Amino acid sequence: MRVSDDRYTRDRQRLDLGLRLIRHEARTFTIRQWTGLSDDRIRKLYRSYVMNLDARRVSRHRGKSPRQAAFFFRNVELNFQSAQLASLYVMYGLLGGTQAGLESRYRLGSLESGALLCQAYEAYLELHTPVYISFEHAWFLLLALGRRDEVGISRCGECGGVRLRDLLAKHKLACGTCGPAAAAPMPATVMSCAAAC
Ligand SMILES: [Zn+2]
């Protein structure tokens, strides 16, 4: 009896996570990676979600997942939001600091890690309007930070704030807020770095 209860709870958690990922417009492939649900079950879950509520707002993404780390360096605001998201990953325990840099602390396919990723992304959504980083890009950022081959985080040479670092570029010590690109206009809501700079 107990075993089947546990199994039921686990399945429930799997579906809940799947639903949460659908709400964030994650790709089917991503949902499968994190929940272990079959494509068929994901399709049914998506259908029942669409029939129930604000379906107009949810679009389903097919095709390839984002793979370009250059995306996070496209402009000052994106760079700032990416650095903040990276900090949230550390706060939520998905990444941890070591002497060599950041390392992954999540397990792909673990429902607990999947829920933490959703929580971190939801915290990010709370902080920004408009939001520039989709869930798929956020997941890609987490992967890329853990790999340490393209992007990392470091301290801004000017203000001491957290900045996202392009590991393939040797130049640029300042963060997006302090660097040359900072002359571009930024939304009034972006204030975090102002006190320190
Ligand atoms: Zn700075």
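Structural remarks
- Screening Leu45, Leu88 for residues that are under 21 Å from Glu126 (Cα atoms), modelled with pLDDT of 90 or more and among the aliphatic types (A, V, I, L, M) leaves exactly one candidate, Leu88.
- Counting residues in the stretch 60-83 that are of a type outside the set (A, V, I, L, M, F, W, C), modelled with pLDDT of 95 or more and loosely packed, with under 14 Cβ neighbours inside 10 Å gives zero.
- A Cβ distance below 8 Å, combined with a sequence gap of six or more or placement on separate chains, defines the contacts here; from the stretch 11-26, residues that are closer than 16 Å to Ser113 by Cα reach residues that are small (Gly, Ala, Ser) and buried (at least 21 other Cβ atoms within 10 Å of the Cβ) in the pairs Leu17/Gly114; Leu21/Gly114.
- Applying the condition of being of a type in the set (D, E, K, R) and at pLDDT below 95 to the stretch 117-153 and asking which residue is farthest from Asn75 (Cα to Cα) yields Arg147.
The values are calculated or read from the model by the stated rules, or taken from the named source; none is laboratory data. The structure presented is a predicted model; accordingly, all values stated were derived computationally and were not measured. Using ideal geometry, Cβ is built from the backbone for each residue, glycine included, and neighbour counts are taken over all protein chains shown.
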